[in-house]
Ligand code: NZQ
Ligand code: ZN
């Protein structure tokens, strides 16, 4: 197991009615910028609930709405400008990963004099940030409890992740009922995203991280059990609650500490989103089985067999190779059952930009579970067409 420093500073208020704890924001400041997306929070009542708590506690707030899925650097710049002009103390995100990510970089850019894109290119440039608070409405990215943010510059076809301890939310409110209104498509995409966060670290070269592997399996099993339930019964509290907590645990560091490995499928998916603005979880559902098939070899078959036995319940007597292949097939079939796309063609992606996207990753995936060159990435993209 590798050395690590354990630190997950975000306080979580989990469960029904926890929105009342938004009052805690007063300890961080009384001048708030509320950031949200395209308006789902106005339809499902979350906006009203949050605003009421702020008003009751005498907290002044300004609003920045319209954060796009795959949030744009232009929105970050606008938010930072508002923070500077209005002397904002705290940035409050209400929404899914896009809104929370956007709020995080707004909070950092509010304390930075240069171009906000610098902070996306290099998280080390974040030396200071306003406190961020999140009210989560979609179980998927784990942004509510991590230090990452993913921002796009569509003009350059760039979608990049950045990271800093300073942008981890001070606290996040996780009320599973707030996710009842999430569509089938986003519920499925969110489940695939959670699973992908686990796959990125479950498939590690670290051999003696036994505990982390078992924790990973618990989160995967939770998604496999409750993803389909949430699709069929959107107001099933147990399903929504389990998915919501799985979302946070998948990427808050708990599964990674001591077993860190650079991610493979996410960087590839970010290229798809950067060029085609597709839903993150859709891209992951397409690429994950293609990546698994590509990296399956004598070297990795043992790990994939472990995955097949422990996650899909395949009989160990079947032998490593058949188990590994069946495990990958089961993964693909699970995503299909969830209504997720299985080919790039289904999300409108053809061969036209594959090489350009793959070239952008050449030399960047050298520390992954199985290192990948630009040519490898191109093969995976082609296999997913
Ligand atoms: O725009 P609004 O009105 O908020 O609607 C959103 C959006 O249309 C809707 N939605 C959210 N909560 C809802 C709801 N609709 C009805 N009821 C609710 N309760 O769902 C749509 C998608 O929202 P978005 O925030 O884009 O989804 P998600 O949470 O999947 O976030 C995706 C973004 O996060 C990045 C992705 O790359 C992508 O840009 N990621 C961030 C990570 C992180 N910070 O750690 C890690 C991830 O791997 C990921 O890359
Ligand atoms: Zn993700």
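The values are calculated or read from the model by the stated rules, or taken from the named source; none is laboratory data. On a predicted model such as this, the values are computed, not experimentally measured, just so you know. For neighbour counting, all protein chains shown are included, and Cβ atoms are generated from backbone atoms with ideal geometry for every residue, glycine included.
Just a few scattered comments:
- Criterion (surrounded by fewer than 18 Cβ atoms within 10 Å (Cβ to Cβ) and closer than 27 Å to residue 150 by Cβ) met by exactly one of 56, 63: 63
- Residue within the range 132-141 that is modelled with pLDDT of 95 or more and surrounded by fewer than 24 Cβ atoms within 10 Å (Cβ to Cβ) present: no
- Qualifying residue in the range 330-340 (condition: crowded, with 16+ Cβ neighbours inside 10 Å and assigned to a loop (DSSP other than H, G, I, E, B)): yes
- The residue pairs whose first member lies in the range 191-216 and is outside the structural domain of residue 261 (by TED's automatic domain parsing) and over 17 Å from residue 139 (Cβ atoms), whose second member is more than 16 Å from ligand 2 (Cβ to nearest atom) and modelled with pLDDT of 95 or more, and whose beta carbons are closer than 9 Å, counting only pairs six or more residues apart or on different chains, do not exist in this structure.
- Selected residue (criterion: modelled with the lowest pLDDT) from residues of the range 8-27 that are under 21 Å from residue 242 (Cβ atoms) and assigned to a loop (DSSP other than H, G, I, E, B): 8
- Cross-chain or 6+ apart pairs with Cβ under 6 Å, the range 250-268 first and on the phi > 0 side of the Ramachandran plot, then in a loop (DSSP other than H, G, I, E, B): 253/8; 258/1; 258/2; 258/4; 258/209
- Any hit, the range 121-136, residues being under 13 Å from the mean Cα position of the chain (by Cα) and not assigned by TED's automatic domain parsing to the domain that holds residue 244: yes
- Taking the range 263-280 as the range and being surrounded by fewer than 24 Cβ atoms within 10 Å (Cβ to Cβ), more than 8 Å from ligand 1 (Cβ to nearest atom) and over 19 Å from residue 204 (Cα atoms) as the test, the residues that pass are 274, 275, 276, 277, 278.
- Flag for residue 219 being over 24 Å from residue 278 (Cα atoms), buried (at least 17 other Cβ atoms within 10 Å of the Cβ), in contact (Cβ under 8 Å) with a residue 24 or more places away in the chain and under 17 Å from the mean Cα position of the chain (by Cα): yes
- Residue check, residue 242 assigned by TED's automatic domain parsing to the domain that holds residue 284, touching a helix residue (DSSP H, G or I) at 6+ places or on another chain (Cβ under 6 Å) and surrounded by fewer than 24 Cβ atoms within 10 Å (Cβ to Cβ): yes
- In the set (1) touching a strand residue (DSSP E or B) at 6+ places or on another chain (Cβ under 6 Å); (2) within 17 Å of residue 10 (Cβ to Cβ), residue 161 fails one condition alone, (2).
- The residues listed here are 241, 192, 213, 246; of these, the one that is more than 9 Å from ligand 1 (Cβ to nearest atom), in a helix (DSSP H, G or I) and within 24 Å of residue 357 (Cβ to Cβ) is 192.
- Set side by side, the residues 345, 363 differ, and just one is in a helix (DSSP H, G or I) and either under 27 Å from residue 160 (Cα atoms) or more than 23 Å from the chain's Cα centre (by Cα) (or both), which is 345.
- Residue among 310, 353 that alone is in contact (Cβ under 8 Å) with a residue 60 or more places away in the chain and more than 28 Å from residue 273 (Cα to Cα): 310
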